[in-house]
Amino acid sequence: MREGIHVLRHADLTVADVDALQKLFDGEYLKDFGPWTPNAPYGYSPADTHVLAFRGRDLAAHVGFQRRRIAVGMREVVVAGTGGVLVDDGSRGTGLGGLVMRRAQQAMRTERDIEFGFLGCRPEVVPFYEKAGWVQVHATERCISRLDQKSVVQTEGGPILICSGLRETSEWPEGDIDLRGTPW
């Protein structure tokens, strides 16, 4: 098993990596959401890229992202849709979560044409993401339901955060957001 922080493409995950991810996610969500699966994690879009932080032999933190072209107002924007952000109980409050988030941002900035990192979250974790360099934007968001993969869900005011995916700062366009798929 690995030690330290590693950025891996989904296709490059080993069987041991997938087992470690399942153990991490099931440790947090099994009771409420059932078992984690790598290609449809709880109905959310799967990650193309994973940032894995190991403490010793155990997976302690994860951030995943998927490159996708979404619509924002009248523009198309390429984002790194970010999800699967999780730090195990024993590592919370140690700074590991922020470290993994910043490493994910670095990885996004090496990807071809990603303009922004993009994520939705619960209101109570907004300060964590802001501390890691993410900025809240306000817009109506449309996506495909993660529960049935068919219904369209529209939300207003749910926390949406972005970070620049480019080395230079660029401005987030105004307008409603269409994720053109399930959220991350």
From the residues in segment 32-54 that are over 14 Å from the mean Cα position of the chain (by Cα) and in a strand (DSSP E or B), which one is surrounded by the most Cβ atoms within 10 Å (Cβ to Cβ)?
Ala53
Look through Thr110, Thr140, Thr94, Thr155 and report the one residue that is of a type in the set (Ser, Thr, Tyr), surrounded by fewer than 20 Cβ atoms within 10 Å (Cβ to Cβ), free of Cβ contacts under 8 Å to residues at least 40 places away in the same chain and closer than 18 Å to Asp48 by Cβ.
Thr110
Quick check: is even one residue across segment 172-184 in contact with a Ser or Thr (Cβ under 8 Å, 6 or more places away or on another chain), under 20 Å from Arg109 (Cα atoms) and at pLDDT 95 or above?
yes
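Considering only residues of segment 114-134 that are touching a strand residue (DSSP E or B) at 6+ places or on another chain (Cβ under 6 Å) and free of Cβ contacts under 8 Å to residues at least 40 places away in the same chain, which is surrounded by the fewest Cβ atoms within 10 Å (Cβ to Cβ)?
Gly133
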Take the residues in segment 142-179 that are among the hydrophobic types (A, V, I, L, M, F, W, C) and part of a loop (DSSP other than H, G, I, E, B), then tell me which one is farthest from Gly73 (Cα to Cα).
Leu147
Can you name every residue in segment 1-15 that is at pLDDT 95 or above and not in a loop (DSSP other than H, G, I, E, B)?
Ile5, His6, Val7, Leu8, Arg9, His10, Ala11, Asp12, Val15
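The values are calculated or read from the model by the stated rules, or taken from the named source; none is laboratory data. Note that the coordinates shown come from a computational prediction; the quantities given were computed from them, not determined experimentally. Counting neighbours? That spans all protein chains shown, and the Cβs are built from the backbone with ideal geometry, glycine included.
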